[in-house]
1. Just to check your reading of the model, which residue among GLU209, GLU216 is exposed (fewer than 15 other Cβ atoms within 10 Å of the Cβ), outside any strand (DSSP E or B), at pLDDT below 95 and of a type outside the set (A, V, I, L, M)?
2. Can you tell me which residues in region 137-157 are within 24 Å of ARG74 (Cβ to Cβ) and open to solvent by 40 Å² or more (accessible area, probe 1.4 Å)?
3. Within region 93-120, count every residue that is part of a strand (DSSP E or B) and open to solvent by less than 40 Å² (accessible area, probe 1.4 Å).
4. Here are the criteria: (1) surrounded by fewer than 11 Cβ atoms within 10 Å (Cβ to Cβ); (2) at pLDDT 85 or above. Tell me which single one THR240 does not satisfy.
5. Here's a check for you: in region 121-136, which residue that is open to solvent by 70 Å² or more (accessible area, probe 1.4 Å) and not in a loop (DSSP other than H, G, I, E, B) is farthest from THR101 (Cα to Cα)?
6. Looking at THR226, THR230, which is the one that is within 19 Å of ARG254 (Cβ to Cβ), among the hydroxyl-bearing types (Ser, Thr, Tyr) and at pLDDT 95 or above?
7. Here is a list of conditions, (1) open to solvent by 70 Å² or more (accessible area, probe 1.4 Å); (2) closer than 30 Å to VAL176 by Cβ; (3) modelled with pLDDT of 80 or more, and GLY250 meets all of them except one; can you say which number that is?
Amino acid sequence: MRCPWRASHLQLLTVTVFLVTQCITMGMQSNSTSSTTFAQHVNEKTSKGNANADSAVNSSVSGKQCTLKSAEARTVETVSVGAKLVLSCCPILSPTLVLATWKVDLGGRLNCTIAYKGEENKTSNNCSDNRITWASRPDQNPALQIERVAVSHEGKYQCEIVTPDGNVHIVHQLQVLVPPEVTTWAEHRTAVCQAAAGKPAARISWAPEGACDTAEETHLGNGTATIKSTCRLAEDHLSTVNCSIFHLTGNMTRSISIQLQLSETENSMQTILSCSISLILIVLTIMGSILFLKNYHCRKCKFKEREDSLVMEDEMQPYASYTEKNNPLYDTTNRTKMSQV
């Protein structure tokens, strides 16, 4: 009977020691958690690795909660020209925000600062571009907003948050994309495809391929580029070719018909020939009109002369009759003739 009693007491003592050990361990973990710094807390949020940290930074641009593996991070953002952009920092983990600052560096074109002081509850903005503002209340979400992104907004945007628990520093490198203007035309057996003022430069390909020549022109003012590709068709039976333009803002394909297209020389010759024919027709019309009027005038003159002669004959007829009747010489001559007869 003494062994069962000792065994039960031994089991109870073992359970008691285990519970005490668990309580001590939980207490130590609680103290360790309460003494972590702000940067360590941010680090715990991203214990999954660098890939999760990068994706979280990218998602911060769209306003989602960002989690970084450290209190400092860098990211590259791309946006199309004319779009609305929001750049966000990490959420404020401390109830007290001391300072939130955005430093804008556009490569010498513009350097300005947007700041919020939590203790004074005041904001300041010395950026001359009124499209760069706070996205909302900086004490709740210190995000930066660009209303309509232009090429001139390309540069570096640094966000710094100061709290009693620690600091956060995020650098956004902004790249602005500009879709190119695509134009196509055809000359004699030659197709031309042009992607103008794109950023970055577009890429052009042909189907079917031929003897193609591509030239690039970079505009130093805003960093855009124009690509012009000229393709000479090898097969004479082809009447349509496709030009494909590839760009980060979107791809497109244009069909070019060359069946009835003429070269510039042929167009000029055709224009000269048309003008010459028109001029000859005008000259012939004028000459015909002149000849017609001249003919008409001559006929009218001849008809008038004939009328005048007839009128004169009619007027002379009575006078001749009178002369025959009253001229004695005429009577004697007549009598002589009669006698001879």
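The values are calculated or read from the model by the stated rules, or taken from the named source; none is laboratory data. Owing to the predicted nature of the structure, the values given are computational and were not obtained by experimental measurement. No Cβ is skipped: glycine too gets one built from the backbone with ideal geometry, and neighbour counts run over all protein chains shown. We work out accessible area using only protein heavy atoms, side chains counted, and drop any ligands, DNA or RNA first. Shrake-Rupley method; radii C 1.70, N 1.55, O 1.52, S 1.80 Å.
1. GLU209
2. ASN141, SER152, GLU154, LYS156
3. Residues meeting the conditions: 8.
4. Unmet condition: (1).
5. Here the residue is LYS122.
6. When all the criteria are applied, what remains is THR226.
7. (1)
Residues checked against (1) charged (D, E, K, R); (2) touching a Phe, Trp or Tyr at 6+ places or on another chain (Cβ under 7 Å); (3) closer than 24 Å to CYS112 by Cα:
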site: ALA135; (1), (2), (3): no, no, yes
site: ASP165; (1), (2), (3): yes, yes, no
site: VAL168; (1), (2), (3): no, no, yes
site: ALA202; (1), (2), (3): no, yes, no
site: GLU209; (1), (2), (3): yes, no, no
site: SER229; (1), (2), (3): no, no, no
